[in-house]
Amino acid sequence: MSNFDFVCTYCQRIDTTDPPTLCVCGQPLEVQYQWDKPISQNDIDVSNTSMWRYRKFLPSVEPKHIISLGEGWTPLTKAEMFNGVRYSLKDETVNPTGSFKDRGMSMAISMARQSGVKTICVPSAGNAGVAASAYSHAGSIEAHIYLAETIPFPFVRDTKKYGARIQFHGKTIADAAANMKQEMKEDWFDLSTLKEPFRVEGKKTLGYELAEQFDWSLPDVIIYPTGGGTGLIGMWKAFKEMMQLGWITGYLPRMVAVQSDGCAPVVDAFLHNASSTQFWENSNTAALGLNVPGPLGGPWMLRVLYESNGTALCVKEQELESATQEIKRVSGINTSQEGGAVWGAFQTLVAEGWIKKGETTVLFMTGKER
Ligand SMILES: Cc1ncc(COP(=O)(O)O)c(C=O)c1O
Ligand SMILES: [Zn+2]
């Protein structure tokens, strides 16, 4: 028996398709729970040192279908001060395949198995493909990963390591996705960002984890490198759920989306107070996870930013490398350029006074440098 419904994030229709995809209106579905009894922090399985410690707050899945490689429950660094602002880093580079994408794939592949899926396909900017390959392999599911031709070799090597089939096309994830659409067979299950609702549920554990690590209060500001948006969306969903459960009270964190000026559809839409993003032509950035020119989750991300009194800003492409080197040196974390973007954005927001002295900030280091 499942403990949830799928509700459309746009038209609110309830969907019962198994396995779930998009709503008939074309927009993403969201998992909404009917928790059958009051649940509390005591329902966290503290003996489990992966994201599955929050299993009671995730879609119900039979234990035999769970595919876990130890993802989640990642370190939050000791607080440091920067110009009067306290900050900690959430180190997602230590996940099994090196990025926060593992959380989403652990959840989505487990649910796909439960629904009897035999083959999945996904377009990727790099890390999601590696994660999909690893979790599919562990779950005996065939995986087809669609990448841009420009993808650096280490991503190809790490994706191949787990036996997925790879196809290359174009310059961005949008080109790779268009190729996938042409090639995909009827019985392949599409794991693209937000085209099924479970990757968000896995990412949601980022939010539960932060609350637990902050002893059930939350930081003032969260800065996140934003591409397809599942990290931002998932965390916000967790905060709303925990409020509903009465675990946290007061103000929720102000959510910050960071992009590069080489691909900034979310920042552009936010600055125009828009409710959806426009396709970013000729996108190019060294922070590969941010090279998502036309995110399906644009409206959802923007709602999170507005609702949380957050903001969105770009880091200049020419400044990415030096910001990345600096945060690596300061923290000792082997972060990819997405972490550099976060560090650059943090410094800007402190300098502008958007983050004030005395406030607490969490900076996400979402993936390792390969
Ligand atoms: C390291 C890294 N950071 C951030 C992102 C963007 O994540 P999201 O799609 O959840 O916005 C990605 C996506 O590929 C990534 O690989
Ligand atoms: Zn709908």
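Computed from the coordinates by the stated procedures, all read-outs in this text should not be read as laboratory data. Please read these numbers as outputs of a predicted model, since none were measured by experiment. Positions of Cβ are generated from backbone atoms using ideal geometry, with glycine treated the same way; all protein chains shown enter the neighbour counts.
Here is how the numbers come out for the structure above:
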{"item": "Likely footprinting exposure, Val117, Val94, Val362, fewest C-beta neighbours within 10 Å first", "result": "Val94, Val117, Val362"}
{"item": "Distant-in-sequence amide H partners of Gly367 (H built 1.01 Å from N, under 5 Å)", "result": "Ser336, Gly339"}
{"item": "Three principal axis lengths of segment 9-125 [C-alpha, angstrom, descending]", "result": "49, 35, 30"}
{"item": "Separation between Cα centres of segment 87-165 and segment 245-315, rounded to whole Å", "result": "23 Å"}
{"item": "Whole-Å semi-axes of segment 176-312's equivalent ellipsoid (Cα gyration tensor)", "result": "27, 19, 12"}
{"item": "Peptide ranges 299-311, 340-352, 28-40 listed from the most packed, as the mean C-beta count within 10 angstrom indicates", "result": "340-352, 299-311, 28-40"}
{"item": "Amide H contacts of Phe82 (H built 1.01 Å from N, under 5 Å, at least 5 apart or other chain)", "result": "Tyr87"}
{"item": "Residue order, fewest to most beta carbons within 10 Å, for Phe270, Phe364, Phe4", "result": "Phe4, Phe270, Phe364"}
{"item": "Highest average packing first - 333-339, 122-128, Cβ atoms within 10 Å", "result": "122-128, 333-339"}
{"item": "Of Met365, Leu313, Leu296, farthest towards positive along the dipole that unit charges on Lys, Arg, Asp, Glu beta carbons give segment 231-370", "result": "Met365"}
{"item": "Packing rank of 200-207, 132-139, where each peptide gets the mean count of other beta carbons within 10 Å, highest leading", "result": "200-207, 132-139"}
{"item": "Residue-by-residue Karplus 3J(HN,Hα) for segment 179-192, coefficients 6.51, -1.76, 1.60, Hz, glycine and proline x", "result": "5, 4, 4, 6, 8, 6, 8, 4, 8, 7, 9, 8, 9, 3"}
{"item": "Around Pro293: net Lys/Arg minus Asp/Glu count, Cβ-Cβ under 15 Å", "result": "-4"}
{"item": "Along each principal axis, Cα extent of segment 4-51, largest first, Å", "result": "41, 23, 18"}
{"item": "Column: log10 I(q)/I(0), Debye, Cα scatterers of the chain, q = 0.08, 0.11, 0.13, 0.14 Å⁻¹", "result": "-0.35, -0.69, -1.00, -1.19"}
{"item": "Radius, Kirkwood style, for segment 106-158 when every pair of distinct Cα atoms is counted (Å)", "result": "11.3 Å"}
{"item": "Karplus-derived 3J(HN,Hα), 6.51/-1.76/1.60, for each residue of segment 103-118, Hz, glycine and proline x", "result": "4, x, 6, 4, 5, 5, 5, 4, 5, 4, 4, 4, 8, x, 5, 10"}
{"item": "Theoretical ellipticity at 222 nm over the chain - DSSP helices of four or more residues, -39500 (n - 2.57) apiece, nearest 500", "result": "-10500 deg cm²/dmol"}
{"item": "Relative contact order (%) - criterion: Cα under 8 Å, at least six apart; region: segment 27-173", "result": "17 percent"}
{"item": "In order through segment 260-269: 3J(HN,Hα) via Karplus (6.51 cos²θ - 1.76 cosθ + 1.60), integer Hz, x for Gly, Pro", "result": "9, 5, x, 6, 9, x, 6, 4, 4, 5"}
{"item": "Gyration tensor (alpha-carbon) shape descriptor, segment 157-249, a/c threshold 1.5", "result": "prolate"}
{"item": "Cα gyration tensor, segment 101-190 - rounded (a/c under 1.5), prolate or oblate", "result": "oblate"}
{"item": "Distant-in-sequence amide H partners of Arg13 (H built 1.01 Å from N, under 5 Å)", "result": "Cys8"}
{"item": "Within straight-line cross-link reach of Lys356, aspartates and glutamates at Cα separation under 17 Å, skipping those fewer than 8 residues along the same chain", "result": "Glu80, Asp220"}
